[in-house]
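Heads up, the thing below is written out as structure tokens.
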Amino acid sequence: MSHVVVVGAGQAGASCVAKLRSEGFSGAITLIGAETVPPYQRPPLSKAYLLGTMTQERLYLRPESFYAEQDISLRLGTWVRTIDAAARRVTLDQGEVLSYDNLVLTTGSFPRKLPAAIGGELKGVLTVRDLADADAMAPQFVAGKHLLVIGGGYIGLEAAAVATKLGLRVTLVEMADRILRRVAAPETSDYFRALHSAHGVTIREGVGLARLTGDDHVTGAILSDGTRLDIDFAVVGVGIAPATALAETAGLAVADGIITDDQGRTSDPHIWAAGDCATSSFKGRTIRLESVGNAIDQAEVVAINIAGGDKAYVPAPWFWSDQYDCKLQIAGLNAGYTDVYIREGDGDARSHWYYDGDRLIAVDAMNDARNYMIGKRLIEAGKSPAPAAITDPDTDMKALLRA
């Protein structure tokens, strides 16, 4: 009987095994996860879960009983030590060996940490990536404490928003000249700087961290401009890296992610990859998307192909972030944009439209779900309305889809 082993029990791994069964795959399936809880949603960890408005059970993607009902062997609290690609075998942490016909790597990513030399290993220096991180962080979020957030990307801003809502004093430092520089236009940076400032967050841009101080637990920070801060704890949000170590030791091709073809195969025809750890092809270039949507879609394409299909994965990038009462929704990829056009909506709704010359490539929508959906559909259809139509408040946006 054919055996599919999936390594990594996150969003991509859970999506892959469920899709295998829905596609009629009748062979054995084993899903291996290092954590001791069933696959769960990660985005709420830095938002609803940390705020206490979502329980652990509500994080689960499916009830644990689902896996037994679907005859999926769910191996939790287990990790893969080695892959023998030639023999098609994996060795688990306790020495058990599993043979496979197809192996799927959905190993995800891990947060970048601060070097120990600048205090990165002090107690109270936290990252947000998994349930254990969130559980370790929650007791620190006590009204009146002073939190230092290091990094002005979405993770850092979300942590700042939660802390502020819980009554903490927050200072955020970003060594680049503006928050969100890597992922958004200045117009979007300006929007979120104003939003956080209005809620009392102190944002220091163009200022890095020289070092954290403290004997055992972090108690202070020295910034690159010499400023000294007394802090109670720190959250580090300086990006993530793909978890490719296992793939590398197996001899797979890796370059900022496990390299895959358009069907999800790696350089070994019996090994596949999906999610944060894997690359994909988008409009003639190789990219690695860090999003829930990509994890689900890419993993499901892999499952379809393992089950006998012949489907290419075509990324349709979309992302979101919740901060205070603002829901940011992003469609497309803004890399290479030349111009940004702003459309003001009703109330606090607003959208930023990215163009590369005369081609629409991405949209940032703040509290503007309607125009987000319109922008997403336009991008997917390859349609690029005239910028004058986007900025004209009298434009019937829905009509642009029919043009």
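The values are calculated or read from the model by the stated rules, or taken from the named source; none is laboratory data. Treat the numbers as computed from the prediction; the structure is a model and nothing was measured. Every residue, glycine as well, gets a Cβ built from its backbone with ideal geometry; the counts of neighbours run over all protein chains shown.
Do we find a residue being in a loop (DSSP other than H, G, I, E, B) and either under 27 Å from Arg21 (Cα atoms) or in contact with an Asp or Glu (Cβ under 9 Å, 6 or more places away or on another chain) (or both) anywhere in the stretch 220-235?
Step one: filter the stretch 220-235 for residues in a loop (DSSP other than H, G, I, E, B), giving 224-227, 231-232.
Within this subset, residues satisfying the condition of being either under 27 Å from Arg21 (Cα atoms) or in contact with an Asp or Glu (Cβ under 9 Å, 6 or more places away or on another chain) (or both) are none.
For the stretch 220-235, residues in a loop (DSSP other than H, G, I, E, B) and either under 27 Å from Arg21 (Cα atoms) or in contact with an Asp or Glu (Cβ under 9 Å, 6 or more places away or on another chain) (or both): absent.
Considering Ala221, Ala194, Ala210, Ala176, the condition of being within 23 Å of the chain's Cα centre (by Cα), small (Gly, Ala, Ser) and at pLDDT 95 or above is satisfied by Ala176 alone.
Of the residues Arg228, Arg204, Arg178, Arg182, which single one is farther than 30 Å from Trp320 by Cα and of a type in the set (Lys, Arg)? Walk me through how you get there before you give the answer.
Details: Arg204 fails: farther than 30 Å from Trp320 by Cα; Arg178 fails: farther than 30 Å from Trp320 by Cα; Arg182 fails: farther than 30 Å from Trp320 by Cα.
Matching residue, one of Arg228, Arg204, Arg178, Arg182: Arg228.
Here Gly347 passes the criteria (1) small (Gly, Ala, Ser); (2) within 19 Å of Ile361 (Cβ to Cβ); (3) in the same structural domain as Gly382 (by TED's automatic domain parsing) except the one numbered (2). Residues in the stretch 352-375 that are in contact (Cβ under 8 Å) with a residue 60 or more places away in the chain and either out of contact with any helix residue (DSSP H, G or I) (no Cβ under 7 Å at 6 or more places or on another chain) or of a type in the set (Gly, Ala, Ser) (or both): Tyr354 alone.
Can you pull out every residue in the stretch 50-73 that is among the polar types (S, T, N, Q), in contact (Cβ under 8 Å) with a residue 24 or more places away in the chain and either over 30 Å from Leu166 (Cα atoms) or part of a strand (DSSP E or B) (or both)? Steps first, please.
Filtering the stretch 50-73 for residues among the polar types (S, T, N, Q) gives 53, 55-56, 65, 70, 73.
With the extra rule that they be in contact (Cβ under 8 Å) with a residue 24 or more places away in the chain, the set shrinks to 56, 70, 73.
Result: Gln70, Ser73.
Among the residues of the stretch 105-136, those identified as within 19 Å of the chain's Cα centre (by Cα) and either among the hydrophobic types (A, V, I, L, M, F, W, C) or surrounded by 21 or more Cβ atoms within 10 Å (Cβ to Cβ) (or both) are Leu105, Thr106, Thr107, Gly108, Phe110, Leu126, Thr127, Val128, Leu131, Ala132, Ala134. I'd like to check something: does the stretch 181-201 contain any residue that is in contact (Cβ under 8 Å) with a residue 60 or more places away in the chain and in contact with a Cys (Cβ under 7 Å, 6 or more places away or on another chain)? Yes: one or more hits.
Could you list, in sequence order, all residues of the stretch 164-184 that are in a loop (DSSP other than H, G, I, E, B) and surrounded by fewer than 21 Cβ atoms within 10 Å (Cβ to Cβ)?
Within the stretch 164-184, Leu166, Gly167, Met175, Ala176, Asp177, Arg178, Arg181, Arg182, Val183 meet the criteria.
Tallying residues that are free of Cβ contacts under 8 Å to residues at least 60 places away in the same chain, among the hydrophobic types (A, V, I, L, M, F, W, C), within 30 Å of Leu180 (Cα to Cα) and assigned to a loop (DSSP other than H, G, I, E, B) within the stretch 236-283 yields 2.
The rows are residues; the columns are (1) under 24 Å from Ala18 (Cβ atoms); (2) in contact with a Leu (Cβ under 8 Å, 6 or more places away or on another chain).
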{"residue": "Ala245", "(1), (2)": "no, no"}
{"residue": "Arg265", "(1), (2)": "yes, no"}
{"residue": "Phe282", "(1), (2)": "no, yes"}
{"residue": "Ala295", "(1), (2)": "yes, no"}
{"residue": "Asn305", "(1), (2)": "yes, no"}
{"residue": "Ala312", "(1), (2)": "yes, no"}
{"residue": "Asp322", "(1), (2)": "no, yes"}
{"residue": "Gly336", "(1), (2)": "no, no"}
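Conditions (1) assigned by TED's automatic domain parsing to the domain that holds Asp190; (2) more than 22 Å from Leu195 (Cβ to Cβ); (3) in contact with an Asp or Glu (Cβ under 9 Å, 6 or more places away or on another chain), marked per residue:
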{"position": "Thr338", "(1), (2), (3)": "no, yes, yes"}
{"position": "Ser351", "(1), (2), (3)": "no, no, yes"}
{"position": "Tyr354", "(1), (2), (3)": "no, no, yes"}
{"position": "Val363", "(1), (2), (3)": "no, no, no"}
{"position": "Asn371", "(1), (2), (3)": "no, no, no"}
{"position": "Glu380", "(1), (2), (3)": "no, yes, no"}
{"position": "Ala389", "(1), (2), (3)": "no, yes, no"}
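Does any residue of the stretch 296-309 turn out to be more than 28 Å from Asp364 (Cβ to Cβ) and surrounded by fewer than 17 Cβ atoms within 10 Å (Cβ to Cβ)?
Step one: filter the stretch 296-309 for residues more than 28 Å from Asp364 (Cβ to Cβ), giving 302-309.
Pick out the ones that are also surrounded by fewer than 17 Cβ atoms within 10 Å (Cβ to Cβ) and you get 308-309.
For the stretch 296-309, residues more than 28 Å from Asp364 (Cβ to Cβ) and surrounded by fewer than 17 Cβ atoms within 10 Å (Cβ to Cβ): present.
Given the condition assigned to a loop (DSSP other than H, G, I, E, B) and among the basic types (Lys, Arg), answer yes or no: does some residue in the stretch 11-20 qualify? For the stretch 11-20, residues assigned to a loop (DSSP other than H, G, I, E, B) and among the basic types (Lys, Arg): absent. Residues of the stretch 74-117 that are part of a loop (DSSP other than H, G, I, E, B), in contact (Cβ under 8 Å) with a residue 24 or more places away in the chain and of a type in the set (S, T, N, Q): Thr78, Thr106, Thr107.
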